[in-house]
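**Student:** Before I ask anything, here is the structure I am working with.
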Amino acid sequence: MRVLIVEDETVVARRIEQFCRRIIGNRLEWLRVSETFDAAQAALAESPVDVLLLDLNLGGRDGMALLDSNVAGSFHTIIVSANTEHALVAFEHGVIDFVAKPFTEQRLEEALRRVTEPGGRSPHAARFLAVRKQGRIELVPIDDVLFVKGADDCSELVLVSGRHELHDKSLERLQALLPPVFERIHKSYLVRLSAVKALHAHEGSRYEAELKNGILLPVGRTRYKEIRDALR
Amino acid sequence: MRYSCLHSLFLGLAFCASICPSIGAEQAAGDPTEYTWKPMADWYRPDLRITKLTARTVEHSELRLESGDDPRWSSPDWDDSDWVVIERNRVPLNEGVFWLRLRVRTTGPDEQVPSLINIGGGISAWDCYWDGVLISSSGTPGNSRQTEIGGMSSARVELSPEMAEAGQHVVAIRLSTFRSARAGARFAQLSFYTLPLEKFRALDMKLNLLPAMGVGAMLTIGVAVFLMWLLADRRLILALLAALCLGSALLITVVTVPIMWAYPVSWMPFQIVARISLIVIVSSLLLAAAVVHLYPSWWRSLLVVPLIVQTAIASYCLPLGINVLSPVLWRVAFISALLFVGWAVWRRREGSRLILVGIVATCGLFEWDPKHFEHSNFVFAFLPTLVGLISAIGLRLRSERLHARDTKLMAARLEIELLKKSLQPHFLMNTLTALSQVIEEKPAAAVRLIDDLAVGFRSLARFSGEKQVSIGEELALCRAHLGVMSARTDLNWSLEAEGIDASASVPPALFLTLIENGFSHQRPRKDATTFTLRAERTSDGVRYIFLSPGTITEDTARVSGGTGLRYVCARLEESFHDAWKLTQGAVAGGWETVIELREAARSGART
């Protein structure tokens with residue numbers, strides 16, 4: 001696991017680092033600490049990370065302005081901050097967890113578990129997904145998302161309007177952020193259940209979900225029964 | 001020599017300004033055996049402009065004078081064709097007993113016969129004959145001041161119906177003028193007119209009504225403003241305004257009462273002195289009110305200049321008579337007021353335009369009819385100036401009230417800001433997080449951190465509600481904060497103070513905020529961890545130079561004024577009003593903030 005800590009207070013950064021090393025143990029591939037946001041951006045550009053532990057107040061700068069560019073990345077972001085008034089907004093913008101200062105090792109472990117364990121989810125679902133678009137960040141309301149299709153290490157958001165947007169996060173990582181109304185119907189598809197009109201069973205144990213707009217999406221054999229029950 | 005020149009200058013000024021219009025008065029001309037007839041309005045105080053009241057159905061002949069005393073001169077048939085024709089304001093002074101004669105006739109198809117005679121104008125003693133019949137006496141004319149017995153200033157005589165017939169009548173006046181002399185005057189003045197009775201009554205009402213209104217209005221405003229000064233707000237401008245109104249009421253009274261009622265001629269000099277003094281006092285009060293409202297206190301000394309000019313003119317030009325002197329004194333006052341207020345308008349002082357408009361309007365009304373400015377016109381002519389002054393005072397009171405309210409709000413806001421500093425969640429939570437780590441790593445350092453944190457909390461709690469604290473207390477707070485930051489950042493932060501008087505006062509958390517700004521907007525450098533505060537004496541106060549060490553980050557908020565800088569400026573404004581200045585900028589080694597306080601009493605530099 002690759003971890004980047006962005007914290008400008010030396011002692012606090014040291015504490016986060018110690019906790020991370022203890023929690024992640026030998027699964028830790030490398031861990032870096034950056035004191036400034038610019039140094040963090042350089043570190044991210046140099047090598048990909050799995051989780052970013054970010055302080056929202058770096059050198060007097062308001063971290064909320066920096067948040068969107070981070071949550072648009074392929075990695076998960078955990079906010080470690082004293083500015084708890086920003087927590088809800090941070091969740092809405094797609095962070096996996098918000099650890100308020102001062103924190104215990106157990107609380108940080110809980111946050112990291114959401115990243116490391118399969119099926120780990122954010123305690124508060126996101127309301128927006130930040131996508132990179134022509135060098136800028138655009139916020140896509142989750143209410144506009146019809147389904148998400150996995151595409152290698154990234155995902156393709158299909159919106160109600162029919163528009164397609166690419167997101168840097170993998171399908172698994174997006175699922176951790178999306179609300180429970182999105183169900184994994186296939187290893188490559190996350191669908192808003194309310195958009196499903198019907199399930200069709202075909203010969204050869206082939207299943208499909210028909211959306212209200214007529215689109216047909218494949219349904220995994222192992223998930224068919226679970227989806228059918230959910231739709232009832 | 002200089003004295004003579006000055007005297008000549010004042011005399012010249014007085015003549016040029018005022019006397020010229022009256023020089024063109026009509027001169028008797030033509031064959032002395034022929035009478036020159038004038039409409040009654042010309043005789044009846046033409047300067048009062050009441051021609052409409054005086055239907056021209058009565059005419060007066062020219063006035064003729066003969067020295068000496070002969071009872072036959074009262075006869076209507078006496079031939080006075082060889083008597084000297086004089087103007088009524090050129091009656092000789094101190095020449096013993098002499099006689100004046102004139103004729104009165106009715107004219108026109110709708111003849112209105114004169115039924116009332118008014119005689120006076122300051123002639124000290126007279127006997128007045130109407131067609132040879134003695135109808136009025138005042139005092140006893142005499143050939144010397146000792147033998148003369150002074151009478152009343154004027155008298156009115158109602159003619160019997162037999163006397164007041166249509167046609168021509170002869171008036172003969174036996175008089176002496178030893179007590180008529182006004183200070184330095186060369187001539188006495190005869191006031192003589194005839195009118196139908198009903199017109200007299202209408203005239204009296206008109207002559208008395210406007211001055212009475214003026215006195216009433218000025219008294220009311222004066223008393224109201226005085227009470228406001230006494231009970232509500234003892235500021236100088238209100239006292240001056242009250243005095244101005246009450247003085248004006250007194251001036252109108254002094255001018256009007258002698259016209260309305262007769263008084264002993266021996267009192268006349270006092271009336272003139274009182275009138276001149278009141279003109280100087282009222283005009284000085286007007287100037288003082290304008291200057292006190294518009295200028296700082298040292299300007300008040302300039303008020304002496306117009307006062308000296310007025311006093312000099314009043315002293316040297318008294319012989320010219322009150323009718324000449326009065327307009328000159330007013331013009332000096334108005335010109336001075338226009339100069340003072342005009343300068344204030346140019347300097348854009350609050351309320352100056354209102355006062356200027358008022359004074360210009362008063363000047364215009366004064367020039368329209370200068371002779372009756374202090375009498376029937378005063379209430380209207382002076383009103384614009386009063387309105388301008390009162391409006392300007394009202395504006396000032398309103399802005400002061402708004403400022404006081406803002407100050408109160410700002411004080412409350414600043415107190416909250418200060419309390420927020422001690423409860424800043426970001427600072428507090430980061431400190432607690434660091435404390436958790438320090439406890440595990442270095443328990444002794446953790447104890448120091450807790451101690452510094454407690455000092456900071458105690459100081460901020462004590463400072464709340466204070467407008468100023470001693471620099472000693474402020475520096476203790478700063479050092480406690482730096483102790484906390486040292487524990488949080490693993491750096492050894494310190495504050496060096498140079499030339500500081502620890503007992504001097506500064507707003508609370510002033511330098512603490514500059515330190516916080518340093519941490520927020522600069523990146524620390526391990527080789528530069530010392531904040532420095534230096535005090536320098538200036539000619540009128542003290543200058544504090546504060547250096548925050550560290551690398552400057554590109555942060556526009558710091559230059560344009562973030563929360564911290566706004567707090568500092570608001571605190572300085574609260575404590576020092578306009579007597580402070582803050583400049584800041586990047587310097588070698590960090591960020592420098594210079595605060596200059598211009599009040600020597602608040603100096604924080606060691607002497």
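The values are calculated or read from the model by the stated rules, or taken from the named source; none is laboratory data. Note that the structure is a prediction, hence the values are computed from the model and not measured. Here the Cβ is made from the backbone with ideal geometry for all residues, glycine too, and neighbour counts use every protein chain on show.
**Student:** Considering (1) within 20 Å of A:Arg121 (Cβ to Cβ); (2) crowded, with 22+ Cβ neighbours inside 10 Å; (3) away from every other protein chain (no Cβ under 13 Å), say which one A:Val80 fails and leave the rest.
**Tutor:** With respect to (1) within 20 Å of A:Arg121 (Cβ to Cβ); (2) crowded, with 22+ Cβ neighbours inside 10 Å; (3) away from every other protein chain (no Cβ under 13 Å), A:Val80 is out only on (3).
**Student:** Here is a check on your reading of the model: is B:Leu514 within 14 Å of chain A (Cβ to nearest Cβ), touching a strand residue (DSSP E or B) at 6+ places or on another chain (Cβ under 7 Å), in a helix (DSSP H, G or I) and surrounded by 16 or more Cβ atoms within 10 Å (Cβ to Cβ)? Full working, then the answer.
**Tutor:** Details: within 14 Å of chain A (Cβ to nearest Cβ): yes; touching a strand residue (DSSP E or B) at 6+ places or on another chain (Cβ under 7 Å): yes; in a helix (DSSP H, G or I): yes; surrounded by 16 or more Cβ atoms within 10 Å (Cβ to Cβ): yes.
So B:Leu514 fits the description; yes.
**Student:** State all residues of the stretch A:98-121 that are part of a loop (DSSP other than H, G, I, E, B), more than 18 Å from A:His86 (Cα to Cα) and hydrophobic (A, V, I, L, M, F, W, C); if no residue qualifies, say none.
**Tutor:** If the condition is that a residue be part of a loop (DSSP other than H, G, I, E, B), more than 18 Å from A:His86 (Cα to Cα) and hydrophobic (A, V, I, L, M, F, W, C), then no residue fits.
**Student:** Kindly indicate which of B:Val292, B:Val273, B:Val304, B:Val345 is touching a Lys or Arg at 6+ places or on another chain (Cβ under 8 Å) and modelled with pLDDT under 90. Step through it out loud before you land on a result.
**Tutor:** Values: B:Val273 fails: touching a Lys or Arg at 6+ places or on another chain (Cβ under 8 Å); B:Val304 fails: touching a Lys or Arg at 6+ places or on another chain (Cβ under 8 Å); B:Val345 fails: modelled with pLDDT under 90.
Just a single option satisfies the conditions, and that option is B:Val292.
**Student:** For B:Ser560, indicate whether it is surrounded by 19 or more Cβ atoms within 10 Å (Cβ to Cβ) and either at pLDDT below 80 or in contact with a Phe, Trp or Tyr (Cβ under 7 Å, 6 or more places away or on another chain) (or both).
**Tutor:** Judged against the criteria, B:Ser560 is not a match.
**Student:** Hey, another quick one. Can you find, within the stretch A:7-56, the residue that is nearest to A:Val71 (Cα to Cα) among those that are assigned to a strand (DSSP E or B) and within 14 Å of another protein chain (Cβ to nearest Cβ)?
**Tutor:** Among those residues, the one meeting the criterion is A:Leu53.
**Student:** I'd like to check something: does the stretch B:409-424 contain any residue that is within 11 Å of chain A (Cβ to nearest Cβ) and surrounded by fewer than 16 Cβ atoms within 10 Å (Cβ to Cβ)?
**Tutor:** yes
**Student:** Select from the stretch B:428-449 the residues that are within 8 Å of another protein chain (Cβ to nearest Cβ) and in contact (Cβ under 8 Å) with a residue 12 or more places away in the chain and write down the one among them that is farthest from A:Phe103 (Cα to Cα).
**Tutor:** Checking each candidate, the answer is B:Val438.
**Student:** For the stretch B:483-509, what are the residues that are touching a residue at least 40 places away in the same chain (Cβ under 8 Å) and either surrounded by 23 or more Cβ atoms within 10 Å (Cβ to Cβ) or β-branched (Val, Ile, Thr) (or both)?
**Tutor:** B:Val484, B:Ala487, B:Arg488, B:Ile500, B:Val506, B:Pro507, B:Pro508, B:Ala509
**Student:** Of everything in the stretch B:342-365, what is within 22 Å of B:Ser326 (Cβ to Cβ) and either surrounded by fewer than 21 Cβ atoms within 10 Å (Cβ to Cβ) or of a type in the set (A, V, I, L, M) (or both)? Give them in sequence order. Don't jump to the end; show me each part of the working.
**Tutor:** At the first step, the residues of the stretch B:342-365 found to be within 22 Å of B:Ser326 (Cβ to Cβ) are B:358-365.
Within the stretch B:342-365, B:Ile359, B:Val360, B:Ala361, B:Cys363, B:Gly364, B:Leu365 meet the criteria.
**Student:** Can A:Val148 be described as in contact with a Ser or Thr (Cβ under 7 Å, 6 or more places away or on another chain), farther than 25 Å from A:Arg27 by Cβ, away from chain B (no Cβ under 14 Å) and not small (Gly, Ala, Ser)?
**Tutor:** It is true that A:Val148 is in contact with a Ser or Thr (Cβ under 7 Å, 6 or more places away or on another chain), farther than 25 Å from A:Arg27 by Cβ, away from chain B (no Cβ under 14 Å) and not small (Gly, Ala, Ser).
**Student:** Just to be sure, is A:Ser74 buried (at least 18 other Cβ atoms within 10 Å of the Cβ), touching a residue at least 40 places away in the same chain (Cβ under 8 Å) and under 25 Å from A:Ile185 (Cβ atoms)?
**Tutor:** No, not satisfied.
Okay, residues lined up against (1) among the basic types (Lys, Arg); (2) at pLDDT below 80; (3) touching a Leu at 6+ places or on another chain (Cβ under 6 Å):
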| site | (1), (2), (3) |
| --- | --- |
| B:Thr140 | no, no, no |
| B:Gln146 | no, no, no |
| B:Ala188 | no, yes, yes |
| B:Pro196 | no, yes, no |
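**Student:** Here's a follow-up. Pairs only if they're at least six apart or on different chains, beta carbon under 8 angstrom, first in the stretch B:527-550 and on the phi > 0 side of the Ramachandran plot, second of a type in the set (Phe, Trp, Tyr); list them, first residue then second.
**Tutor:** B:Gly550/B:Trp591
**Student:** Also, quick follow-up: Residues of the stretch B:238-274 being buried (at least 21 other Cβ atoms within 10 Å of the Cβ), more than 18 Å from B:Pro211 (Cβ to Cβ) and among the β-branched types (Val, Ile, Thr), which ones?
**Tutor:** Result: B:Val265, single match.
**Student:** Further, regarding this structure: Output the residues belonging to the stretch A:164-203 that are in contact with a Phe, Trp or Tyr (Cβ under 7 Å, 6 or more places away or on another chain) and β-branched (Val, Ile, Thr).
**Tutor:** Selection gives A:Val191 alone.
**Student:** Continuing with this model, one more query. Could you check, for the stretch A:117-132, whether at least one of its residues is within 14 Å of another protein chain (Cβ to nearest Cβ) and surrounded by 19 or more Cβ atoms within 10 Å (Cβ to Cβ)?
**Tutor:** no
**Student:** Kindly indicate the residue of the stretch A:212-232 that is crowded, with 19+ Cβ neighbours inside 10 Å and touching a helix residue (DSSP H, G or I) at 6+ places or on another chain (Cβ under 9 Å) and also modelled with the lowest pLDDT among those meeting that condition.
**Tutor:** Once the filter is applied, the top-ranked residue is A:Ile227.
**Student:** Looking at B:Gly483, is it more than 25 Å from A:Glu35 (Cα to Cα) and not acidic (Asp, Glu)?
**Tutor:** Numbers: more than 25 Å from A:Glu35 (Cα to Cα): no; not acidic (Asp, Glu): yes.
No: the conditions fail for B:Gly483.
**Student:** Testing A:Ala201 on (1) under 30 Å from A:Leu44 (Cα atoms); (2) surrounded by fewer than 20 Cβ atoms within 10 Å (Cβ to Cβ); (3) at pLDDT 85 or above, one condition comes back false. Which one is that?
**Tutor:** A:Ala201 satisfies every listed condition except (1).
**Student:** Right, next: Can you tell which of B:Gly388, B:Gly394 is without any contact (Cβ under 8 Å) to a residue 24 or more places away in the chain, more than 14 Å from chain A (Cβ to nearest Cβ) and within 22 Å of the chain's Cα centre (by Cα)?
**Tutor:** B:Gly394
**Student:** Take the residues of the stretch B:440-495 that are aliphatic (A, V, I, L, M) and outside any helix (DSSP H, G or I): which is modelled with the highest pLDDT?
**Tutor:** Applying the filter and picking the extreme gives B:Leu495.
**Student:** While we're on this one: Only one of B:Ser464, B:Ser459 is out of contact with any Ser or Thr (no Cβ under 6 Å at 6 or more places or on another chain), polar (S, T, N, Q) and closer than 19 Å to B:Ser494 by Cβ; which?
**Tutor:** Going through B:Ser464, B:Ser459 in turn, the sole match is B:Ser459.
**Student:** Identify, please: which residue in the stretch A:83-97 is touching a strand residue (DSSP E or B) at 6+ places or on another chain (Cβ under 9 Å) and part of a helix (DSSP H, G or I) and is, among those, nearest to the other protein chains (Cβ to nearest Cβ)? Show your work before the answer.
**Tutor:** Kept after step one, since they are touching a strand residue (DSSP E or B) at 6+ places or on another chain (Cβ under 9 Å), are these residues of the stretch A:83-97: A:83-84, A:86-88, A:90-97.
Okay, now just the ones that are also part of a helix (DSSP H, G or I), so A:84, A:86-88, A:90-92.
Numbers: A:Thr84: 7, A:His86: 11, A:Ala87: 12, A:Leu88: 15, A:Ala90: 15, A:Phe91: 18, A:Glu92: 20 Å.
Ranking the candidates gives A:Thr84 first.
**Student:** All but one of (1) among the charged types (D, E, K, R); (2) within 14 Å of chain B (Cβ to nearest Cβ); (3) buried (at least 16 other Cβ atoms within 10 Å of the Cβ) hold for A:Arg114, so report the exception by its number.
**Tutor:** Just one mismatch for A:Arg114, condition (2).
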